[in-house]
Each structure stands twice: as structure tokens, then as C-alpha cells.
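Participant: Here it is, the structure, as C-alpha cells.
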Amino acid sequence: MIAEFKRSFSNIPQQAWDALNTSNNPFLSYHFFEALEASKSASLARGWQPHHLTIHQDDKIEAVLPLYLKTHSWGEYVFDWDWARAYEEHDLEYYPKLVSTIPFTPVSSNKLISQTLTHRDILQPLSDYCSEHNIASWHLLFCPKIENIPSDVYERNTVQFHWFNKNYRSFDEYLSTFTARKRKNTRKERESIKKQNISIRQVAGDQITKQELDFFYLTYQLTYLKRQHTPHLSYEFFERIFQTLPENIVLFIANHNDTDVACALFFYDESHLYGRYWGSTESFSNLHFELCYYQGIEFCIEHNLQSFNPGTQGEHKIQRGFEPVMTYSYHWIKHSGFQPAIKDFCKREQTHMINYAQQCALSLPFKNNQDTGNDQ
């Protein structure tokens, strides 16, 4: 087998990618990666230099691993800023680092696109490549759990909160599984939307107008600007995916007194819903919960989707029925002096995350939540 590294996703033939990719996940679509790079959202100038690994045998691509040489740690959601700071304090270079992920998308999925190789098969080759090319580390983010990893590869975990459809026929049936107090609180939140004279419309991807795209991008920008951050994704990125992935996109828009005031963008496939971006031009009580959570739950029930991943973090999701889910990432550090400390950190972090997930499960709103908590 021969390994090659591509500096553009366009150098990977779509036919080869599609032949290897067995997933319906929209973030693993060829069009999604292509839009990231064509729109310059993932580019050298933005600190995301494409460096995709392709493995060939007999002139045929057998596997693809999306990779980026990164000069910062933004947009990853598995935080290693302290590691970078420790390197800086010792006058060492932490960047560039080699990262396999879907940029700005903390969704667990196969990162190695192949029908013959596994994630474990590429761990040692990645370490060898980094050693040979003086790259300080590699990071494989939000992938399935890998068993029997090498001793110099470290597992990290984060906890997300996902909703699971237990064959609910309506939102009311779902609420019937809550304790009385939690059920009352949820209904009160939803009723407050109507009392504020807010209506919500659902727009499928192929029906989204340019005016609605413009409004969405305005609110997307505002969400970042309120936190004094620069938006990761360009207008062109969204323009492209609205055109190439319309069957995987739905937009919920909130209207107040005949004026659009907020919206939330979701992706979905045959079984999963993914909440990605939301923003508003005005502040309203409980509107975030309605647009980002309750509308998504209703969408899942209506379309018989199995689960709903609303995004990272957010303990406020627990009382609305989103269950703790463990995620997995893997890391290799070249510098032998830092390896013991980082290995110890990862072990302690893992213990903390396991305990944290267990504690979160105890706070779920269900009448009987002894068997809740799901691993992915």
C-alpha cells in the first residue's frame, strides 16, 4: 500500500470517496468537505491546511483520512490549549499539529473512510509520519472507541447530551415520561413562546430563499460577535451546502410581529438529527430552548429519527431529556518529556468524565431513569 497526502480535497476524486463512504452522515458527504475548502473556511490562511491522507493499492484508493495541519486549536472542541501553553513555557513549538476531524463539527463518526482498514490500522503510520516530518503531535477527534491502542496513544473523552427516540408518537407522549414537575416546567416554557406572540416556521433546504439565507448568516455572525469571536464559516460555505445538500438541511425561523427574529439550522440523515447553529437579533424568554431543542425533538418524532445531537456542552439540556453520551478522541505526542504528564492527565480526565456522565444521568427528568445514559 502507498500513502499520499493531498493538499486539497478536490484532489480526491468524488467517485472514489463515494465508493468508500458507506455512511449517510451529511458531514461525511464529499460536498461538505468540498464546501469547507472552496469557501476558504478550512484553509491555510485560517490555520486549517488540508493534508488529507489517501492510501492506494494497485492504483486504487483504499482509504481516505481527512487531515489538517493546524496552527491553532480553534474549532476542534477537544481542548488542548494547556498542552500548547506548556510547550510555549518551555520554548518548544506545539504547532503545527496534525488533526483528523470534521472542521468545526464535533460529531462522532468514522474519520477513516475505508471498507478494508480500521482506525487502529493508521495509528502507528500517523506516529511514524509525524516523527519523520518533525510534527509535534497528531489528534484523531470524535471517532468510535478504539480498542487495544498503543501505549503511546492516549484516549480522551468528552460528554455530550443527546436525545433518543423511544418510538414516541407525539411530543405530549414524550412529556408523559417526565416527572410531574419537569413536565410542567417544559410546558410552561413552550407556552411562553405563544404568549410572546412568536410563531415558528420550518423551511426545508431546497425551499430556503436567499433572504432567509441572508437572515440566517446575520444571526450566525451575531452569535459569535456577542462572544467577541470571529465566525468560523463564511457565507459562501452555507450558500454552497444549501445548494448541494438541501435534502439534509432544515431551518427553523422564529417570527415576532411579522418580523423574523431568530433561526436555528439543523442537518439530518435517515436516522439522526444534528443541531448546528443558532442566532437571534432580539432576546426572548425560552426562545433558544424552543428553537434548538423542542422543535428538533418534534422533528425527530415526526420523521421517526432515532436520535438528536444538539451540539456540544450544555447541562441545561439534561432537564429537557437529553442523555449523557461519551465521545472518544485519540492523541499522540512526540516529545518524550511531555508524554508521562499528558498520559496522566488523560487518565484523570477519563475518570472524571465517567463520573460526570453518571451524575448527569441521575438528574434526567424521567420518572424512572435508572437505565439511562448511552455510549456512542
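The values are calculated or read from the model by the stated rules, or taken from the named source; none is laboratory data. Since the model is a prediction, treat every value here as computed from it, not as a measurement. Here Cβ is always computed from backbone atoms with ideal geometry, including for glycine, and neighbour counts include all displayed protein chains. Accessible surface areas use protein heavy atoms only, side chains included; no ligands, DNA or RNA. Shrake-Rupley method; radii C 1.70, N 1.55, O 1.52, S 1.80 Å.
Participant: Scaled to the compact-protein estimate 2.2 N^0.38 Å, what is the alpha-carbon radius of gyration of the range 79-143, rounded to two decimal places? Walk me through the intermediate numbers first.
Facilitator: Details: Rg = 13.6 Å, N = 65, 2.2 N^0.38 = 10.7 Å.
Rg over 2.2 N^0.38 Å, computed on Cα atoms: 1.26.
Participant: On the accessible surface of the chain, probed at 1.4 Å, how many percent belong to carbon and sulfur atoms?
Facilitator: Details: 8190 of 17720 Å².
Of all accessible area on the chain, carbon and sulfur atoms account for 46 percent.
Participant: If you don't mind, another one. Calculated from DSSP H runs of 4 or more alone, at -39500 (n - 2.57) each and per residue, what is the 222 nm mean residue ellipticity of the chain, nearest 500? Numbers along the way, then the final one.
Facilitator: Working: 10 runs with 115 residues, N = 376.
Estimated from H runs of four or more residues: -9500 deg cm²/dmol.
Participant: Quick check: from the Cα gyration tensor, does the range 215-278 come out rounded (a/c under 1.5), prolate or oblate?
Facilitator: Details: a/c = 1.77, a/b = 1.25, b/c = 1.41.
Because a/c hits 1.5 or more and a/b fails to exceed b/c, the range 215-278 counts as oblate.
Participant: May I ask you to derive the relative contact order of the range 250-325, considering only C-alpha pairs under 8 Å and at least 6 residues apart, and to give it as an integer percent?
Facilitator: Details: 98 pairs, mean separation 20.0, N = 76.
Across the range 250-325, relative contact order equals 26 percent.
Participant: Label-point separation (nm) for Gln243 and Ser170, each offset 7 Å from Cα along Cα-to-Cβ?
Facilitator: 4.3
Participant: Evaluate the relative contact order of the range 277-376 (contact order divided by residue number), counting alpha-carbon pairs under 8 angstrom at least 6 apart; express in whole percent. List each step's numbers first, then the result.
Facilitator: Values: 56 pairs, mean separation 33.4, N = 100.
Relative contact order comes out at 33 percent.
Participant: Follow-up. Is the shape of the range 1-43 best called rounded, prolate or oblate, per the rule: a/c under 1.5 gives rounded, else a/b larger than b/c gives prolate, else oblate, with a ≥ b ≥ c the square roots of the Cα gyration tensor eigenvalues?
Facilitator: Details: a/c = 2.25, a/b = 1.08, b/c = 2.08.
Because a/c hits 1.5 or more and a/b fails to exceed b/c, the range 1-43 counts as oblate.
Participant: Roughly how far apart, in whole Å, are the Cα centres of the range 13-27 and the range 162-194?
Facilitator: 37
Participant: Moving on. Subtract the Cα-Cα distance of Thr209 and Leu92 from 0.36 nm times their separation in residues, and report this length gain in nm to one decimal.
Facilitator: Numbers: separation 117, 0.36 × 117 = 42.12 nm, distance 4.97 nm.
Working it through step by step, the gained length comes to 37.2 nm.
Participant: Taking the Cα of Asn257, stepping 7 Å toward and past its beta carbon, and measuring to each backbone N in the range 196-220: which are under 15 Å?
Facilitator: 196-199
Participant: Among Asn355, Phe308, Tyr330, whose Cα lies farthest out toward the positive end of the dipole of the range 293-376, if unit charges sit on the beta carbon of Lys, Arg (+1) and Asp, Glu (-1)?
Facilitator: Tyr330
Participant: Specify the inter-centroid distance of the range 107-146 and the range 213-286, based on alpha-carbon positions, in whole Å.
Facilitator: Cα centres, the range 107-146 to the range 213-286: 32 Å.
Participant: Same structure again: What does the charge dipole of the chain about its Cα centre add up to, to the nearest 20 debye, if the Cβ of each Lys and Arg holds +1 and the Cβ of each Asp and Glu holds -1? If you can, show how the numbers build up before the last one.
Facilitator: Values: 36 positive and 44 negative charges, 275 e Å.
Here the chain has a charge dipole of around 1320 debye.
Participant: I've got another one for you. Given labels modelled 7 Å from the Cα in the Cβ direction, how far is it in nm from Leu222 to Thr116?
Facilitator: Label at Leu222, label at Thr116, 5.2 nm between them.
Participant: A follow-up question, please. Out of His162, His133, His256, any idea which swings most in a Gaussian network model of the chain, alpha carbons joined below 10 Å?
Facilitator: Fluctuation is largest for His133.
Participant: Further question on the same structure: Relative contact order (percent) for the chain, with alpha-carbon contacts under 8 angstrom and 6 or more residues of separation? Please report the intermediate quantities before stating the final value.
Facilitator: Numbers: 660 pairs, mean separation 75.6, N = 376.
With pairs under 8 Å counted, the relative contact order is 20 percent.
Participant: Dipole size in debye (nearest 20) for the range 236-376 around its Cα centre, Lys and Arg Cβ +1, Asp and Glu Cβ -1?
Facilitator: Numbers: 9 positive and 17 negative charges, 169 e Å.
Here the range 236-376 has a charge dipole of around 820 debye.
Participant: For the range 124-278, what is one quarter of the convex hull surface built on the Cα atoms, given in nm²?
Facilitator: Details: hull surface 58.8 nm².
For the range 124-278, the mean projected area of the Cα convex hull comes to 14.7 nm².
Participant: Then there is this: Of the lysine pairs in the range 1-149, how many meet both conditions: Cα atoms under 26 Å apart, and a spacing of 8 or more in sequence or different chains?
Facilitator: The result is 15.
Participant: Still on this structure: By the gyration tensor of its Cα atoms, with a ≥ b ≥ c the square roots of the eigenvalues, what is the shape of the chain: rounded for a/c under 1.5, prolate for a/b over b/c, or oblate?
Facilitator: Working: a/c = 1.79, a/b = 1.44, b/c = 1.24.
In terms of gyration-tensor shape, prolate.
Participant: Send over a whole-number figure in Å² for the accessible area per residue of the range 266-366, probe 1.4 Å.
Facilitator: Numbers: 4200 Å² over 101 residues.
Heavy-atom accessible area per residue stands at 42 Å².
Participant: From the backbone phi of the range 200-211, what are the Karplus-calculated ³J(HN,Hα) couplings (6.51 cos²θ - 1.76 cosθ + 1.60, θ = phi - 60°) in whole Hz, Gly and Pro given as x?
Facilitator: Whole-Hz 3J(HN,Hα) from phi for the range 200-211: 10, 10, 10, 10, 5, x, 7, 9, 6, 7, 4, 4.
Participant: Please compute the modelled spin-label separation between His352 and Ala45, points set 7 Å along Cα→Cβ, answer in nm with one decimal.
Facilitator: 3.8
Participant: To continue, here is another question. Report, in debye and to the nearest 20, how large the dipole of the range 38-174 comes out about its Cα centre when Lys and Arg carry +1 and Asp and Glu carry -1 on their Cβ. Before the final figure, lay out each step's value.
Facilitator: On the way: 12 positive and 18 negative charges, 119 e Å.
Dipole magnitude for the range 38-174 comes out near 580 debye.
Participant: Ok, one more. Between His31 and Arg201, what length in nm is gained on full extension when 0.36 nm per residue of separation is reduced by their alpha carbon distance?
Facilitator: On the way: separation 170, 0.36 × 170 = 61.20 nm, distance 2.67 nm.
Full extension from His31 to Arg201 adds 58.5 nm.
Participant: Please give the contour-minus-distance gain from Lys6 to Arg187: 0.36 nm per residue of separation, less the Cα-Cα distance, rounded to one decimal in nm.
Facilitator: Numbers: separation 181, 0.36 × 181 = 65.16 nm, distance 5.16 nm.
So the extension gain works out to 60.0 nm.
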